[in-house]
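Here is the structure we will look at, set down as structure tokens.
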Amino acid sequence: MNPSTSLPSRPADLLPSEVPLSLIDPAGRPAPEGELTMPADEVLQRLYRGMVLGRRFDVQATALTKQGRLAVYPSARGQEAGEIGAVLALREQDWLFPTYRDSMAVVARGVDPVEVLCLLRGDWHCGYDPARERVAPQCTPLATNTLHAVGLAHAATVKGEDTVALVLLGDGATSEGDTHEALNFAAVFNTPTVFFVQNNGYAISVPLAKQTHAPSLAHKGIGYGIRSVLVDGNDAAAVYAVVSAAVARAAAGEGPTLIEAVTYRIESHTNADDATRYRDRAEVESWLVKDPVSRLANYLTERGLLDEQAGAALDATAEAQAAQLRARMNVDTVSDPRDLFRHVYAQQTPALRRQEQELLAELAVTEATEEDHR
Amino acid sequence: MSTVAERLPELAAAPIPVTMAGALNQALADALATDERVLVFGEDVGTLGGVFRVTDGLATRFGENRVFDTPLAESAIVGTAIGMAMNGLRPVVEMQFDAFAYPAFEQITSHLAKLRNRTQGRVELPIVIRVPYGGGIGGVEHHCDSSEMYYAHTPGLRVVTPATPADAYTLLRQAIDCPDPVIFLEPKRRYWAKETTVLEPAGAGIDRAVIRRTGSDVTLISYGGALGTTLEAAEAAAEDGISAEVIDLRSLAPFDEDTVAAAVARTGRAIVVHEASRFCGYGAEVAAQLSERCFHYLEAPILRVAGFDIPYPPPNLESHHLPSVDRILDAIDRLQWPDAVNGTKAGR
Ligand SMILES: Cc1ncc(C[n+]2csc(CCOP(=O)(O)OP(=O)(O)O)c2C)c(N)n1
Ligand SMILES: [Mg+2]
């Protein structure tokens, strides 16, 4: 492998555009002709469907925190275009490396929502099978997943497999050293990795202005020799177009891409946070009018690709899925204490076996005492 | 919104009800007010006042020059704190949660802990790293680690952990005044515990353990988040006729061996209680030191009540992992009491 062959010769080829690329403006009208190609009608319809279902899932998950069914939930409301657009651009064989914020994306990738929410329900850490789903466990230690995505992608190259790894991260996570090490590694080894930064304006309470002094987060790519793209993160069509192109380039051996999607976190950091402490309502309002879901709806309606009937049918599907999720999440789960000792090592150590026995004996006594009291 | 720091007159003499988070807030405010070299920075510690509100109101009161949010990078937070300390300031930095301090590990172990030694005492780093730690709050993964041993095993770092609001105040003031780097571990599950007390900087020294309850039959040794459970167990043991003494270590590094050894020499029996995993946990060090120093006074092996040797469990299973009153009482039963009918002092 010769790392340098695919490097574009001119820095200008690597730099992002000055304004975010877009295909559909906030009102739902086609954006002025640019370098992006509008996805096929059928893709636009799938994007819309994914966003409507994703938003309903997200609202349902937030509601489940209020009912005490989830320990916590970091909402992605307002980020649907990024969550859905990026994931739908992946091919079957590609991998997704999501964060705690990206439950919606993981569900859109096809993972059972109850398995996704296992973490936040407190049953276990990761509730799905990463290899089967081609989705890494949702990552909380910020930016650490960028390196995993680079490694997985590089392994694919080494093994001669056609697999691209898409890693999701936030604006805040771009300040961590790991992000920079990952970008550099990816560039040096020309790995098929797509870095998708959702710049939602905040890292908990800290605004982007305190996070970076760069013209954009996408500009960080140039220093590593990585092609970078700045995209309107509330425009699902544009997100899909740039991620698809990045995936295609990666698959063709043309290396990694850094994408910054400019969007906004409508809700607080999580249900436990109070965003009124650090931002005003007017700012939130200014983003509500750029809503990604109604933007695509307006465009599709204008183009005759969405009518009232189809819209209503989709809403009904979303409601039905939410009701089903609610019902499944309202079942009390019983966690098996033996699970605590099961997966620490490939084979249970004698010490862990002893500790498991200690706990089971203790639980037997507790149960017997409770019986006595009944 | 008035902050705890504003509501409390500085060093109020009358006892007031205060949470541990409030006491820490007051300690930071008083340190900032009395020493202009003190700075507070980290993630979300400015405008938001910290995710646990420990720095609430400080940025407004002391200005952005002294209390500020940094870019999201723990290694940078500790690394720049080292540079600031080399230039005469006294940084107090926050790691948002236990597991999120790990990116700073290199700065902590290779530089913070060693610079004094490497420079034959010429470079002093009076830095405090505040770390909310431990479980018991139903937190999801990476939010509940008991990370004390990573630090305690590193020579050059002081490691302290308060268990009460009053002590949180005293220890933090002492930590900020200390010429050595201090890893200041704050037990999250105690943040909202209230106590009616006077907050004062003077108290037991930063490196001293204190006896929280006197007793003559057995010494229970604990710290941080597990201390409350240990005190409850001592209470319950009293009903069984066992007089348990409870020591709050406060300082994990250095270890106050004199206080602990003297206590155990009196009672002849000891149990160490902590949330962290048992294997290579703090209890192992305590047990080793006590058997070296008090062997001839011991009536029974020193026991440990600790977390299992597993990664911290998910919320729905954490109660199995954490030391409980029953587990401590069971350990007390196993201390080879001489006058027992069936092996226990009280014949339980
Ligand atoms: C290494 C590390 N440090 C700190 C945290 C605590 N933390 C969780 S989310 C968050 C903000 C992240 O902001 P950003 O990367 O913009 O993602 P967003 O939450 O906006 O999706 C912080 C500081 C963490 N999870 N990991
Ligand atoms: Mg963000």
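Readers should treat all values here as calculations from the given coordinates under stated rules, not as data from a laboratory. Remember, it's a predicted structure, so these values are computed and weren't measured experimentally. So basically every Cβ, Gly included, is an ideal-geometry build from the backbone, and we count neighbours across all protein chains shown.
So here's what we get for this one:
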| quantity | calculated |
| --- | --- |
| Alpha carbon centroid spacing (whole Å) that separates segment B:76-109 from segment B:253-305 | 32 |
| Chain A, relative contact order in percent, only Cα pairs under 8 angstrom and at least six apart counted | 24 |
| Viscosity 1.002 mPa s, temperature 20 °C, Stokes-Einstein D of the protein assembly as shown from Kirkwood C-alpha radius, µm²/s | 77 |
| Amide proton proximity set for B:VAL159, modelled H, under 5 Å, gap of 5+ | B:ILE183, B:LEU252, B:ALA253 |
| Placed amide H near A:CYS139: partners under 5 Å, 5+ positions off or other chain | A:THR99, A:TYR100 |
| Beta bridges by DSSP in chain B, antiparallel share as percent, to the nearest 5 | 20 |
| Full-extension gain in nm, A:VAL331 to A:ARG281, via 0.36 nm per residue minus C-alpha separation | 14.3 nm |
| Residue-averaged 222 nm ellipticity for chain B, from DSSP H runs of 4+ at -39500 (n - 2.57), nearest 500 | -9000 deg cm²/dmol |
| Contact order normalised by residue count of segment A:1-135, Cα under 8 Å, 6+ apart, percent | 17 |
| Net charge, A:LEU352 excluded, C-beta distance under 13 Å - Lys, Arg +1, Asp, Glu -1 | +1 |
| Three-way shape label, segment A:11-329, alpha-carbon gyration tensor, a/c 1.5 | rounded |
| Net charge, A:VAL59 excluded, C-beta distance under 12 Å - Lys, Arg +1, Asp, Glu -1 | +1 |
| Longest exposed-site-free window of chain A, the sites being GluC sites (Glu not before Pro) in a DSSP loop that have at most 10 other C-beta atoms within 10 Å | A:93-374 |
| In segment A:38-103, trypsin sites (Lys or Arg not before Pro) in a DSSP loop with at most 16 other beta-carbon atoms within 10 Å | A:ARG91 |
| For the protein assembly as shown, share of DSSP beta bridges that run antiparallel, in % to the nearest 5 | 15 |
| Eligible lysines near A:LYS210 by straight Cα distance, threshold 22 Å, same-chain separation 8 or greater | A:LYS220 |
| Proximal lysines relative to B:LYS194, as straight alpha-carbon distance under 28 Å, when same-chain residues fewer than 8 apart are discounted | A:LYS66 |
| Lys, Arg +1 and Asp, Glu -1 on Cβ, resulting dipole of chain A about Cα centre, debye, nearest 20 | 380 |
